[in-house]
Structure formats: C-alpha cells, structure tokens
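For reference, the structure is listed below as structure tokens.
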Amino acid sequence: MLWTATGARGSEPAPSTLALVRRLARSPLLRIAGTVVGIVLLARSVDLRSAAVDLGSAHRGWLAAGVALAAGAFLTAILEWGVWLRAAGGRVTWGMVTSWQAQSVFLSSLLPTGAGGDALRAVEAVRATGIGRGLASLVGSRLAGHTGMAAWGVAGALLLRGGSLGTVALVAVAAWVALVGVAWAGALCAAPVVRRLGGHRRRTVRRLAGFARPLTDAMSWYRGRTGVVAISVAAGVAGWGLHLLSLEALGRSVGVDVSPAIFALLVPLALLVTLVPITVNGMGVREGVLVALLMRYGVDAHRAAVLAVLADLQALPIAAIGAALWFSRRG
C-alpha cells in the first residue's frame, strides 16, 4: 500500500512515497522525458514544413541585428553583476567577470537546471570576495534583472491595456512589481532582524540566523553604496530592453511583426515554465507556451515556433565562448 492505514495520519503519504516523489523531482531522466514530451507536442501542433521554409528564408540582416542586440544584453549583464563584485573586492577585474558570466551561460544551457550557471558564479564570487559579499552580489544582480523585467512589463501593460490580455496583465505585472519591491526591501534591510534572531531561545532559529547573517550583513553593507545598486538596476533595465528588441528583430526576420511591448508581457509568462522541475530548463514547454501566447496576437503557429527556436539559439554564440573558456581553464 502507498498510503498509511491507521490513525490520524491515514490521509498522508507514507515516508517511502514521499522519498520517491522527491527522488523523481530531482531525476534528470524525468526532466529529459518532460522536455521530449513538450517538444513532441509542440511539433504536432505546428506545420513543420512551413516552419522549415520560414527558417530557411529568414532575413539575414534582421537575424544579425537580433544576435547583436543579444550580445549587447549580455554586456549589460556583465555590468549588472560586475559592479557588485568590483565594489566588494579590488582583485576582481572586468575580464574575470566577463569570463565567469560567459561560462555561466554555457552551464545554464548544458545542465538540466538553470541553477548550473548561478552555481558557477557563486563559487567564483565567493572565492574572490568572501562568502557574504559573494552571495550578496548574486542576489543583488538577480534582483536588478527582475527589476528590469518588471519595469518593462509595466510599460508593456500600460501600452497594451486595451489588448487581448487587458486588465489581467496589468494586475499581474503590478503584483510582480510589488513582489520585487518587497524582495529588495527584505534583502537590504534584513540584517538587524537576523542579528536579533541570532539570540533566539530556539537552537534551530539561532542556526538559521547564523547561516543567513553573512549574506544579510553583506546586503546591509551594499545598502550604503547606493551607486552600486543604481548602476546595477539601470543595467538590468537596459539589458532587458535590449533583449526585447532582439526578440523583435528575430521576429521580423521570419515575418513576425510583434512590438517589444507585447514581448515584455509574454516572455516573462513563458519563462515561468522554467521553474517547473519536470523539464530541462523548461525547454519544449517554454516554447509551447510562447507559441500559444503569440497566437493570441494573430501570429501563425509555425512562425511563432520558429521565433521561439531562434530565441533559444540567440545565446548560442555566448554559450560557445563560455564553453571554450570552461574547457580551457580545466586543461
């Protein structure tokens, strides 16, 4: 039996079942299977022959523009993270930040989880600046990136408030902005609370506070350096804007005329799928969601599918450079 049979715990899964569920959630085979299923469903829902024709006849100029804009977004990501590291440790050079960022793109593309790139960045940041400020640099840069996404989402929702997504999109974006604001406030102002919890009577609370204190103290230290936070947020906003323009250029290369304002609403929704632990970085399902959303704006399914594939491939040049740097460092 998979369920316990006695007492008040009769409706709870048996320990062996819970362990099996956790093991399946972490299984690379499950992620690969989920991705394969997503790709198959996407392939069955579009005209693959028309998609291949559109891909083969894509406008080279717009493709080049899309790749160039994606490269610009990558450069802003270097600035977005690098200002935190440079403020924390004088030994960190821009060349080091660029190398780590490129390698993180490679690992994020290679491993069956988006955390691979962040893990590499965390290791290098901690080695260079210490555990507190190293981890704080990752938290700060991530928050800056989400701030940029939220800012463009608000702009897109305001411009398209009469569109097919309507008021629902505006409310969702407003909730996202509020969540990002709370995250910033918590990250920058949590240090006094964590210090007080360090003297809590419960041992578990004291231990958790001890683990969190290097990070919260470092974020408090960064709070006094408003220039670092401002530059990182500005880079996050600029980088997300370049990313949206890149998607517009890639869309135009295959005959998809969709404004950046629409992408500002649709792409974050598609990216939510990457949080589901049953695919490789949301691949397959993520593209299917984007295709379905683009079809609401009158885009043909096969052209939307081609654009989704191009959106995945735009990071390929950076990932290739990251791969070369990764293997060269390891002999």
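The values are calculated or read from the model by the stated rules, or taken from the named source; none is laboratory data. None of the values given here were measured: they were computed from a predicted structure. No Cβ is skipped: glycine too gets one built from the backbone with ideal geometry, and neighbour counts run over all protein chains shown.
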Self-check item: Members of the stretch 76-91 that are part of a helix (DSSP H, G or I) and free of Cβ contacts under 8 Å to residues at least 24 places away in the same chain
Solution: I78, G82, R86
Quiz item: When the stretch 220-235 is examined, which residues are found to be without any contact (Cβ under 8 Å) to a residue 60 or more places away in the chain and under 21 Å from A70 (Cβ atoms)?
Solution: A234
Quiz item: Regarding A238, is this residue touching a residue at least 12 places away in the same chain (Cβ under 8 Å), part of a helix (DSSP H, G or I) and buried (at least 19 other Cβ atoms within 10 Å of the Cβ)?
Solution: no
Quiz item: With G198, G186 as the choices, which residue is touching a Gly at 6+ places or on another chain (Cβ under 7 Å) and either surrounded by 16 or more Cβ atoms within 10 Å (Cβ to Cβ) or under 23 Å from A136 (Cβ atoms) (or both)?
Solution: G198
Quiz item: Right, G181: assigned to a helix (DSSP H, G or I), loosely packed, with under 14 Cβ neighbours inside 10 Å and out of contact with any Leu (no Cβ under 7 Å at 6 or more places or on another chain) or not?
Solution: yes
Quiz item: Would the stretch 296-311 turn up any residue that is more than 19 Å from L245 (Cα to Cα) and in a helix (DSSP H, G or I)?
Solution: yes
Practice problem: All but one of (1) surrounded by fewer than 21 Cβ atoms within 10 Å (Cβ to Cβ); (2) within 22 Å of A234 (Cβ to Cβ) hold for L135, so report the exception by its number. | Solution: (2)
Quiz item: How do the pairs read when you match residues in the stretch 310-331 that are touching a residue at least 12 places away in the same chain (Cβ under 8 Å) with residues anywhere that are surrounded by 15 or more Cβ atoms within 10 Å (Cβ to Cβ) and among the hydroxyl-bearing types (S, T, Y), using Cβ under 6 Å and keeping only pairs 6 or more apart or on different chains?
Solution: A319/S109; L325/S99
Quiz item: Across the stretch 215-235, which residue is surrounded by the most Cβ atoms within 10 Å (Cβ to Cβ) among those that are within 20 Å of the chain's Cα centre (by Cα) and of a type in the set (G, A, S)?
Solution: S232
Quiz item: Does any residue of the stretch 246-267 turn out to be buried (at least 21 other Cβ atoms within 10 Å of the Cβ), modelled with pLDDT of 75 or more and of a type in the set (S, T, Y)?
Solution: yes
